[in-house]
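This report refers to the structure that appears directly beneath it.
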Amino acid sequence: MNPVATVCQHPASDHIGSVVHGNATVPPAHAAHPAAAADLWMEILRRVSSKLPRAQFITWFKNTAALGLEEGNLVVGLPLPTFLTWHMEHYRAMTLEIAREIDPGIRQIIYTVDLGLKDDPARTVDLLEHFPENRRRKLPGRQEVRLAEGIVSKILNPSYTLENFVVGSSNSLANAACMAVAREPGGKYNPLFLYGGVGLGKTHLLQATGNAILKHSPRAAVVYTTSEDFTNHVVEAIAHKKMEQFNRRYRTVDVLIIDDIQFIANKDRTQEIFFHTFNTLYEERKQVIISADRPPQELHLEDRLISRFARGMIADVSQPDYETRLAILTEKAAAYEIFIDGAVLQFIAQHVTRNVRELEGILMQAVAVYELEQRMPTVRSIAEIMKKLGADPLKDAEKTGFVQAPRRKPTFQEIMEAVSRYYSVSVQDMIGASRVREILLPRQIAMCLGKRHLGMSFVRLGEAFGGRDHTTVMNALEKIEAKFNSDPHLLREVRAIEQEVGVV
Ligand code: ADP
Ligand code: MG
């Protein structure tokens, strides 16, 4: 069977690269030099990998292969049709230049789509194995670290840093305070008290501050603990009559970080002990950093504790706005080393509004889809994931009354682009003549939206869609209306697109 898929016509390509139709220009097997081509490709990959951000490199060069090298023509196989446009637009010139550096005899690169490459490790290079990541992402197995004098701290997660914390209006004060504390522990902002709802970045900031302090002063005794652990230690010390030892130990700490202190409310004995520990540290100008889910005065803590907190710095973290959510997603996607289309990130940022943890959760799902199924996440696949997780973007919008800022009417071009992104077909194809189902449906939907929201006439729609006759447009609209009636999923999809262009 011929493994080369026919790919759609690509607009005029110059002499540097051309697109193969069927197997017309693939060199005959007997003339190709697969081994030489494979070696060349390996070296090209190596050089490309040093020029591109890793996420891009892995995403777009995975499952690629050199299929042949004949008279200066390097035939490069790509696993999916979407890769073709992308390589032609973004990597062709660079790849050719690199190929020529290695072998000046290379004249051109011919791209071809070979769907078989996706499941054929024998023909492709395992990029993750050959180009391992330098950074280590795995956490050490230990949960706790024992400091001098038998003090125990939870291990700080090295992936929480101040550098990768995205700052927006919702957290800028908290972030600035943490930066100041990191620069000068025990200085002006002591104690530092951060509060805010679940999943808004408190733990991240606390641990990042601890990490930053340790970076400057590796020998500092930085203790990070939760109020639950702190309570457990108190209870244990009391039970074993080791309070003296407990006090001595905690008082040798340079930086004490207690996460989620709300849990010591109503625990009188623990509070008392904490108060004394706190006082001693404070007097010795040691830094104390605390987080809670609400401000100090709402915590049901003793008054003297509350007034101590009030002497330092109190900052809240609140729900991030759209821009911050988008920036966080972009940052996290880069950290997962996955290239996700901007439109997809925007869609997630628009619909997941409550907290950052949820935002990350959806992103992780997208990463999983990508890794397991080798599919680039699309607005559509994300909308489906969100529905499965019970966070139906459309239903939620109704329930929570979350409405986007009032927008101007979309343009026809914007509608076309939204449909194109949702169904992963190009605008050109929608306007073009193809009648395959994958294109027919988006085309009909785009027509329908043009009519519905821009009031375009059949004639104008016909013109906008490559000079079609108005009766053709009428027929298409009838067909899509009929499909709406029989297919509730379709209605939902159209709603998602309508939401994206801001008309519902
Ligand atoms: P909290 O402790 O407030 O419940 P976390 O600190 O555990 O929240 O944050 C939940 C997740 O969201 C973490 O993975 C964290 O890295 C991420 N996160 C929250 N805010 C930000 C931000 N501004 N920039 C980057 N990541 C963030
Ligand atoms: Mg937390």
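Considering only the stretch 234-250, I want to know if a residue exists there that is assigned by TED's automatic domain parsing to the domain that holds Ser170, under 37 Å from the mean Cα position of the chain (by Cα) and touching a residue at least 12 places away in the same chain (Cβ under 8 Å). No, that holds for no residue. Looking at the stretch 405-504, the helices (runs of 4 or more DSSP H) lying wholly inside it that each contain 3 or more residues that are small (Gly, Ala, Ser) and over 33 Å from the mean Cα position of the chain (by Cα) sit at 470-486. Report, by residue number, each residue of the stretch 277-308 that is among the small types (Gly, Ala, Ser) and more than 16 Å from ligand 1 (Cβ to nearest atom). Correct list: Ser307 only. Among the residues of the stretch 85-116, just one is among the basic types (Lys, Arg) and either buried (at least 19 other Cβ atoms within 10 Å of the Cβ) or touching a Ser or Thr at 6+ places or on another chain (Cβ under 6 Å) (or both), namely Arg92. From the list Arg269, Arg285, Arg308, Arg251, the lone residue that is at positive phi and away from ligand 2 (no atom under 16 Å from the Cβ) is Arg285.
What do you reckon, is Tyr91 of a type in the set (Phe, Trp, Tyr) and assigned to a strand (DSSP E or B)? Considered against the rule, which asks whether it is of a type in the set (Phe, Trp, Tyr) and assigned to a strand (DSSP E or B), Tyr91 comes out as no.
If you filter the stretch 183-221 down to residues that are more than 8 Å from ligand 1 (Cβ to nearest atom), of a type in the set (A, V, I, L, M) and closer than 15 Å to Leu256 by Cβ, you find that the one that is nearest to the chain's Cα centre (by Cα) is Leu194. Being exposed (fewer than 14 other Cβ atoms within 10 Å of the Cβ), of a type outside the set (A, V, I, L, M) and over 15 Å from Arg304 (Cβ atoms) is true of Asn232. Out of the residues in the stretch 189-210 that are polar (S, T, N, Q) and away from ligand 2 (no atom under 12 Å from the Cβ), state the one that is farthest from Ile289 (Cα to Cα). Looking at residues that are polar (S, T, N, Q) and away from ligand 2 (no atom under 12 Å from the Cβ), I get Thr209.
Here Ala496, Ala446 are screened, and the one residue that is modelled with pLDDT of 95 or more, among the small types (Gly, Ala, Ser) and under 27 Å from His351 (Cβ atoms) is Ala446. None of Thr82, Thr59 is surrounded by fewer than 19 Cβ atoms within 10 Å (Cβ to Cβ) and either not basic (Lys, Arg) or not assigned by TED's automatic domain parsing to the domain that holds Pro121 (or both) except Thr82. Considering only residues in the stretch 355-389 that are outside any helix (DSSP H, G or I) and buried (at least 17 other Cβ atoms within 10 Å of the Cβ), the one that is modelled with the lowest pLDDT turns out to be Met376. The set of residues in the stretch 163-180 that are away from ligand 2 (no atom under 16 Å from the Cβ) and surrounded by 14 or more Cβ atoms within 10 Å (Cβ to Cβ) comprises Asn164, Val166, Val167, Gly168, Leu173, Ala176, Ala177, Met179, Ala180.
The values are calculated or read from the model by the stated rules, or taken from the named source; none is laboratory data. The structure presented is a predicted model; accordingly, all values stated were derived computationally and were not measured. Methodologically, a virtual Cβ is constructed for each residue, glycine included, from the backbone with ideal geometry; neighbour enumeration extends over all protein chains shown.
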